[in-house]
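All remarks here apply to the structure that follows.
The values are calculated or read from the model by the stated rules, or taken from the named source; none is laboratory data. From a predicted model like this one, the values you see are computed outputs, not experimental measurements. Here the Cβ is made from the backbone with ideal geometry for all residues, glycine too, and neighbour counts use every protein chain on show.
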Amino acid sequence: MSYTIRRATPEDKPEWLRMRQELWPDAPVEYLDYDLDEILADPEQAVFVASRAEGKLVAFIEASLREYAEACETSPVGYIEAWYVDPHVRGQKLGREMVHAAEQWAREKGMTEMASDTWLENEVSIAAHLKMGYEEVERLVHFVKRL
């Protein structure tokens, strides 16, 4: 199946939000919706979406420029902030193409490194990153104590 990958526009916000909700199902919709316009307007961030021939969105990737990322030797670096492909189109190399779009954007911004992260238990994402040439550089456990 053929997909078109392009920069997201304000008209994509409803479907982009739907996919963000799929990616982070425990997050309140108000949290996932509050910064969409800011992300689209920020020159240091990019959102790419993939659509089918009829126009329905089936994937997105959010990338940014960060001043720091673990184990990177340069600053700033490109960073994959979010990456999602609808379940019914996974396994067709669309995720790889989404990452390539984000990496190309970072290259055009002058970046020589791209970083990313995922949850420790997200073995599918870890495997996808490794398959695409990303190296695991660190594991992190976060703590909180209510006072």
Taking the residues in the stretch 56-76 that are crowded, with 20+ Cβ neighbours inside 10 Å and of a type in the set (Val, Ile, Thr) as candidates, determine which candidate is nearest to the chain's Cα centre (by Cα).
Ile61
Answer with yes or no whether Tyr79 is in contact (Cβ under 8 Å) with a residue 24 or more places away in the chain and under 26 Å from Gly133 (Cα atoms).
yes
Look at the stretch 89-106 and say how many of its residues are in contact (Cβ under 8 Å) with a residue 12 or more places away in the chain and either assigned to a helix (DSSP H, G or I) or at positive phi (or both).
12
Across the stretch 1-43, what is the total count of residues that are in contact (Cβ under 8 Å) with a residue 60 or more places away in the chain and surrounded by fewer than 16 Cβ atoms within 10 Å (Cβ to Cβ)?
3
Look at the stretch 75-127 and say how many of its residues are under 19 Å from Ser51 (Cα atoms) and among the basic types (Lys, Arg).
3
Residue selected from the stretch 120-147 under the condition more than 19 Å from Lys93 (Cα to Cα) and of a type in the set (Val, Ile, Thr), by the criterion surrounded by the most Cβ atoms within 10 Å (Cβ to Cβ)
Val137
How about the stretch 1-47: which helices (runs of 4 or more DSSP H) wholly inside it have at least 2 residues that are modelled with pLDDT under 95 and either closer than 18 Å to Ser64 by Cβ or not hydroxyl-bearing (Ser, Thr, Tyr) (or both)?
29-33
